[in-house]
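> The following block contains the structure, expressed as structure tokens.
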Amino acid sequence: MPRYSLRLATISASVLLIWLLWYTLEPRKTAYSCRTFKSCIGLGRTNSYGPSLTPQSQSEDSLVTLRDGTLRYQRIASNADPSLLILVLNKDGKSWSSDFRSTPRSLYDFLDLLAVTGLNISTVSLGIWTASSEQFRNMQVAVDRLPFARVAIYHQEDTSEGAAYENRHNPQFQLARRSGLAKLRNRLMLSALQDEEHILWLDADVVELSPGIAPTMLKHSASIANAGIITAMCHQNEMDNYDKNAWKLASPELLGSVPDDEREATVAKLVATRVFVPELIRGTNDSAIVPLDSVGGTILLIRAGLVRQGLTFPHYNIVGTTWGETGWIGVETEGLCYAARELEGGGCYVLGGGHHARHTDWG
């Protein structure tokens, strides 16, 4: 009997240990909150950027209220000459999302992500738009941890009556939600952009970037004249293709005009026949780049020259627009390639191979 009890206790302890390891170490992929042993066992995480990433010793700070009531905090390093502008939209603390253990993220986690991109942070500008006064205050402190050439943080209360966060993927709310997102993207992009050569959009709830993804995007943009807009594969742990706004048309007849009474059927055909990123990049290597007809905004590089030519995110369905009504598809990022097609360098592409961005599990 004692031997049986000992065996049962051993089995029970083994099962418990495996369960604990699964839900703390996450063998599927390393979670952002489990990058160190201390964080895996719940003792928090450290934000260490290394000796070469110390804040600028001299900078000029300002806090002003713009004419429309928007607050803007700006910090400019001495002799700043940034070539890349990183942009992110933030509604409130929940926008950073959480991981599989429901461990909340913050701007510090986002800064951790930027610190390991392989970019020279001293040549990078950071622009953030937030609707939270608490986040606005916290951000002013947090950004001092990295030596950005320039930081611009904007705060304006969100007075819209949009869909609740948990309903944001509901088709019933998508057009209004994405129209609002397009307006926010345009406001931040046009406000924050100065003399930078490129703009890199990142979702607030992106938790992981494949090694070298940002430098690879910049390299392609510099070497391929038409590659002015570049994105990458996006997934979650259990969802291979998270960003379904990135795709290529597969039906040639969709390129022509669409009669009003055929719009609904045309949208259905596009949805049924478009080719998503996983299939487009299958079999490619890390140096490949594949054309797209539509992009998502999870990670999105835009050559700043396109914005200076007039490119913005459409806040309505731009494809098929007439004087009498808006089009049948193409709001926000899905209409960006369509809007850029006649601009110099306005081609859209996705990185091939293993390049990717990963969203948090819950977000």
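The values are calculated or read from the model by the stated rules, or taken from the named source; none is laboratory data. Keep in mind that what you see is a predicted model, and the values were worked out from it rather than measured. All Cβ positions, glycine included, derive from the backbone under ideal geometry; neighbour counts span all protein chains shown.
> Could you check how many residues of the range 304-360 are in contact with a strand residue (DSSP E or B) (Cβ under 6 Å, 6 or more places away or on another chain), in contact (Cβ under 8 Å) with a residue 12 or more places away in the chain and part of a loop (DSSP other than H, G, I, E, B)?
6
> Taking the range 151-166, which residues are at pLDDT 95 or above and either among the basic types (Lys, Arg) or assigned to a loop (DSSP other than H, G, I, E, B) (or both)?
If the condition is that a residue be at pLDDT 95 or above and either among the basic types (Lys, Arg) or assigned to a loop (DSSP other than H, G, I, E, B) (or both), then Gln156 is the only one that fits.
> Show the residue pairs meeting these rules: Cβ distance below 7 Å; 6+ apart or different chains; first residue within the range 214-232 and touching a residue at least 24 places away in the same chain (Cβ under 8 Å); second residue among the β-branched types (Val, Ile, Thr) and assigned to a helix (DSSP H, G or I).
Ala232/Ile213
> Enumerate the pairs (first residue in the range 61-80 and under 17 Å from Val143 (Cα atoms) and in the same structural domain as Arg187 (by TED's automatic domain parsing); second residue anywhere and part of a loop (DSSP other than H, G, I, E, B) and of a type in the set (S, T, N, Q)) with beta-carbon separation below 6 Å, excluding pairs fewer than 6 apart on the same chain, so at least 6 apart or on different chains.
Short answer, once both residue conditions are applied: Ala77/Gln56; Ser78/Gln58.
> Also, I was wondering about something else. Yes or no: Tyr349 hydroxyl-bearing (Ser, Thr, Tyr), in contact with a helix residue (DSSP H, G or I) (Cβ under 8 Å, 6 or more places away or on another chain) and buried (at least 19 other Cβ atoms within 10 Å of the Cβ)?
Here the answer is yes, as Tyr349 does meet what is asked.
> Kindly establish whether Val271 is at pLDDT 95 or above and in the same structural domain as Gly335 (by TED's automatic domain parsing).
No, not satisfied.
> Of (1) β-branched (Val, Ile, Thr); (2) in contact (Cβ under 8 Å) with a residue 12 or more places away in the chain; (3) farther than 21 Å from Glu196 by Cβ, Val295 satisfies all except one. Which?
Status for Val295: all satisfied but (3).
> Just one of Phe136, Phe148 is at pLDDT 95 or above, more than 18 Å from the chain's Cα centre (by Cα), buried (at least 20 other Cβ atoms within 10 Å of the Cβ) and assigned to a loop (DSSP other than H, G, I, E, B); which is it?
Testing whether each residue is at pLDDT 95 or above, more than 18 Å from the chain's Cα centre (by Cα), buried (at least 20 other Cβ atoms within 10 Å of the Cβ) and assigned to a loop (DSSP other than H, G, I, E, B) leaves just Phe148.
> Trp201 is checked against (1) of a type in the set (Phe, Trp, Tyr); (2) under 15 Å from the mean Cα position of the chain (by Cα); (3) not assigned by TED's automatic domain parsing to the domain that holds Lys94 and fails just one. What number does that condition carry?
That leaves (3) as the condition not met.
> Okay, next question. Out of all the residues in the range 229-248, which are crowded, with 24+ Cβ neighbours inside 10 Å and either in contact with a Cys (Cβ under 9 Å, 6 or more places away or on another chain) or in a strand (DSSP E or B) (or both)?
Ile229, Ile230, Thr231, Met233, Cys234, Asp243, Ala246, Trp247
> Going through Ile76, Ile86 one at a time, which residue ends up being closer than 23 Å to Leu301 by Cβ and at pLDDT 95 or above?
Ile86
> Inside the range 251-301, can you point out the residues that are assigned to a loop (DSSP other than H, G, I, E, B) and in contact with a Phe, Trp or Tyr (Cβ under 8 Å, 6 or more places away or on another chain)?
Listed by number, the residues that qualify are Val258, Arg274, Leu292, Asp293, Gly297, Thr298.
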